[in-house]
Structures are given as structure tokens and as C-alpha cells.
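Novice: First, the structure itself, so that you have it in front of you.
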Number of protein chains: 2
Amino acid sequence: MNFCPNCGAGIERRVPAGDHLPRFVCTGCGTVHYQNPKLIAGCVPDVDGRILLCRRAIEPRRGYWTVPAGFMENDETLQQAAARECWEEALARVEIGSPCAIVHVLHAHQVHVMFRARLAGPGFGVGVESLEVRVVTPGEIPWPEIAFPSVAFTLRRYLEDRAAGRDGLHFTTIDQRPGAG
Amino acid sequence: MNFCPNCGAGIERRVPAGDHLPRFVCTGCGTVHYQNPKLIAGCVPDVDGRILLCRRAIEPRRGYWTVPAGFMENDETLQQAAARECWEEALARVEIGSPCAIVHVLHAHQVHVMFRARLAGPGFGVGVESLEVRVVTPGEIPWPEIAFPSVAFTLRRYLEDRAAGRDGLHFTTIDQRPGAG
């Protein structure tokens, strides 16, 4: 952030009075511009015991496999966001079920919320953000080609829970910055 | 948003190519500035069966009662954010437990994630954002003076679950815009 989105003046980074962290503060109007984590919503779509996966057509991780997921928009719920992303990436209508994983992706300033889901209509296709969409058995999941650690974590917990006949909610934290963890 | 935080040029609101919603787009460098919901993390601190509540010293809803909660920062988990807010508002150290409620507050572009918690040390106090901090029995909760519907929802589900001996996770959506709901 270089310029104030409000008045256009320059930005400095400093700890405002009464605060405890450095913030982007406008040198003109004084507005403090807070930076907060963004929400990603996604789902694991079940298709008669198999799982729908998309091969990404966009960066980052173009060519790698993921479950449908993306940035939550204003004016929607997490469940609506997860279902919308599944429509956009795989042209598939889903019923969203229970939450399966919440992943803090510290290096990306993101929180990923991943739900169980079930295909609600007959068919799916290849959305504009996908190169390919496939329905795979657990044994066919291309683990080395999964796009993100949060997706691999979600798929593993999802399959473990399904095998155990339970619907858990699993938290984890991922930090890929140099020196982290 | 009036000016581009990146280059300082003017902003226009339009649907970018390939997108489906109007966005803030820079007329100079072309950057698309997405607006997404912000995360609020909070907890219901249990003190030997009673609940810790704070009376807000800041707007909005100054003078009304809430559980400790606030904006999640970058570089922390939801649980760390909930515990930090409890320290800042009530000078209380808590152990964060299971998630109790996730509330989509559509009119505020916020998602509130509220956890169960337990006081981890002896004592609490009045943080700078609070006018008063009290530990109350369920019967003493000042329902008409609870600051936000998301807090009332959380407290009701928390108490119902506690009475039933379960640890549920409850979703709801609140929209206070004219014409909503």
C-alpha cells in the first residue's frame, strides 16, 4: 500500500496511538488501513463415493489438482461461496454439508474453510478456471500433484473421517515462510 | 475506495473482463481491488460455570455487553485471535476450546467465529476497550443489553449445548440491511 484509498495522499507504516502493531496510516487524512486475513471457501464434492477434483487453469499452481475453492465474496455465506466456486470451476451443483477443515495459511494471510458436499445434479463440466475436471476414487487421488497443502490436509481428514463413519472438524496451521515452523 | 493504493490514480467501479461482479478497478495501473468479508474471532469464557462478559467502551454499541471478540490479524490463528481479544478486553488468559458458532453478518461484511473457552489463570480485569467486566450466571445475562445479535446467538447456543452436554457448531446468517430477510 503506497497511497491512501480514501484521499490519495502518501502512506506511512507506523504504530497508531493506542495500537500495538504497525499499520498503514495515511499522512493526509489519518485513516488507518488495517490488513486482515481473507477467507477461502471450498468443498469436497462426493459423487457416489468418488471425489470431484479440478486441474487448475490459473496461477498459482497452474496444472495442479484441487478441490473447488476460492475467495469468499461480500454478501454471501461460507456455504454459498463454496457452492458458487464448485459451479464456477466444475459446472457442478452441490449441496453443502458439514465443515471438515479450517486451515490457517499464515504465509498467504488466508483462512481456508472446507466443507463436505454432495453432487446435487447429474453432471459436471470444465469451468473457465479449470483445465480438466475428474471424479476419482480415493486410491486415484494424485497426491504429489495436489496444488496446496490445505487441500491435501482436507482430503486426508475427509477420507479418514469417512472411513471411521464420523463428521469431524479439523484445524491446522500452515506457514511456508522462511524460518517458520 | 477513491484512489488506487498501488499507484494513486483514480478508481472506477466496473465488471472486469472474465469477472461477474463490479469491482474497484484502477484507471492507471489496472489493478483490481477486491473487497472481501473480514473475520472476527471471539470466545465465551467459562469461569467455574459462569460466563465472563465485557461492557464496551468503544463504538459501535458503546455501553452494551459482549463476549470478548474482535478483528483477526494477519499472522495469527483464529484461536490465537480469540485469546488475544480476551486478554485485551478483559485481561484474562483463556484456553480456547471447540468452535461454537459461525455467524455470517452480511450487512457488515463480516464472519464471526466464536469459540468455547475456559479461564486459564486466576483473575481478570478491565481492558482499555471495556468499561466494565463481570462474571455472570446464565440467569444474570443482560439479554436486552447484549451488543450484537451474533453475540446473543452465540450465548444462546452455548448455553443450550452446555445444558444438553454437547459441543455443537452452529451456523447462522444475520442481515440488518433495509429490505433484507
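Novice: What about B:L106, is it under 15 Å from the mean Cα position of the chain (by Cα) and either closer than 29 Å to A:H112 by Cα or free of Cβ contacts under 8 Å to residues at least 24 places away in the same chain (or both)?
Specialist: Yes, satisfied.
Novice: Return a yes/no flag: does the range B:61-84 have any residue that is charged (D, E, K, R), part of a strand (DSSP E or B) and touching a Lys or Arg at 6+ places or on another chain (Cβ under 8 Å).
Specialist: Within the range B:61-84 (the criterion being charged (D, E, K, R), part of a strand (DSSP E or B) and touching a Lys or Arg at 6+ places or on another chain (Cβ under 8 Å)), the answer is no, since none of the residues qualifies.
Novice: Please tell me if B:R166 is farther than 20 Å from A:L78 by Cα and part of a strand (DSSP E or B).
Specialist: Answer is no for this residue.
Novice: List, please: which pairs have Cβ atoms under 8 Å, are six or more places apart or on different chains, and start with a residue in the range B:43-62 that is surrounded by fewer than 15 Cβ atoms within 10 Å (Cβ to Cβ) and end with one that is outside any strand (DSSP E or B) and polar (S, T, N, Q)?
Specialist: Final answer for the pair search is B:G49/B:T137.
Novice: Look through B:F115, B:F124 and report the one residue that is within 14 Å of chain A (Cβ to nearest Cβ) and modelled with pLDDT of 95 or more.
Specialist: Of the residues listed, the single one that is within 14 Å of chain A (Cβ to nearest Cβ) and modelled with pLDDT of 95 or more is B:F115.
Novice: Would you mind finding the one in A:P45, A:P16 that is more than 27 Å from the chain's Cα centre (by Cα) and either within 20 Å of A:A152 (Cα to Cα) or not acidic (D, E) (or both)?
Specialist: A:P16
Novice: Looking at (1) under 21 Å from B:Q176 (Cα atoms); (2) of a type in the set (G, A, S); (3) touching a strand residue (DSSP E or B) at 6+ places or on another chain (Cβ under 6 Å), which is the one condition that is false for B:G63?
Specialist: Only one criterion is unmet by B:G63, namely (3).
Novice: Which condition does A:T77 not pass, out of (1) of a type in the set (S, T, Y); (2) in contact (Cβ under 8 Å) with a residue 24 or more places away in the chain; (3) within 14 Å of chain B (Cβ to nearest Cβ), if it passes all the others?
Specialist: For A:T77, the failing item is (2).
Novice: Can I ask one more? Go through the range B:63-92 and give me each residue that's surrounded by fewer than 19 Cβ atoms within 10 Å (Cβ to Cβ) and more than 18 Å from A:L21 (Cβ to Cβ).
Specialist: B:G63, B:Y64, B:L91
Novice: Restricting attention to the range B:93-130, report how many residues are surrounded by 14 or more Cβ atoms within 10 Å (Cβ to Cβ) and assigned to a strand (DSSP E or B).
Specialist: The qualifying residues number 22.
Novice: Working carefully through the options A:I11, A:I51, find the one that is within 11 Å of chain B (Cβ to nearest Cβ), of a type in the set (V, I, T) and in a strand (DSSP E or B).
Specialist: Going through A:I11, A:I51 in turn, the sole match is A:I11.
Novice: What's the number of the only condition in (1) out of contact with any Ser or Thr (no Cβ under 8 Å at 6 or more places or on another chain); (2) assigned to a strand (DSSP E or B); (3) not hydrophobic (A, V, I, L, M, F, W, C) that B:G42 fails to meet?
Specialist: Among (1) out of contact with any Ser or Thr (no Cβ under 8 Å at 6 or more places or on another chain); (2) assigned to a strand (DSSP E or B); (3) not hydrophobic (A, V, I, L, M, F, W, C), the lone unmet condition for B:G42 is (1).
Novice: Can you tell me which residue in the range A:23-43 is farthest from A:C86 (Cα to Cα), limited to those that are touching a strand residue (DSSP E or B) at 6+ places or on another chain (Cβ under 6 Å) and more than 11 Å from chain B (Cβ to nearest Cβ)?
Specialist: Across the range A:23-43, the extreme among qualifying residues is A:T27.
The values are calculated or read from the model by the stated rules, or taken from the named source; none is laboratory data. Just so it is clear, the structure is predicted and the values come from calculations on it, not from any experiment. Don't worry about glycine lacking a Cβ; one is built from the backbone with ideal geometry, like all the others, and counts go over all protein chains shown.
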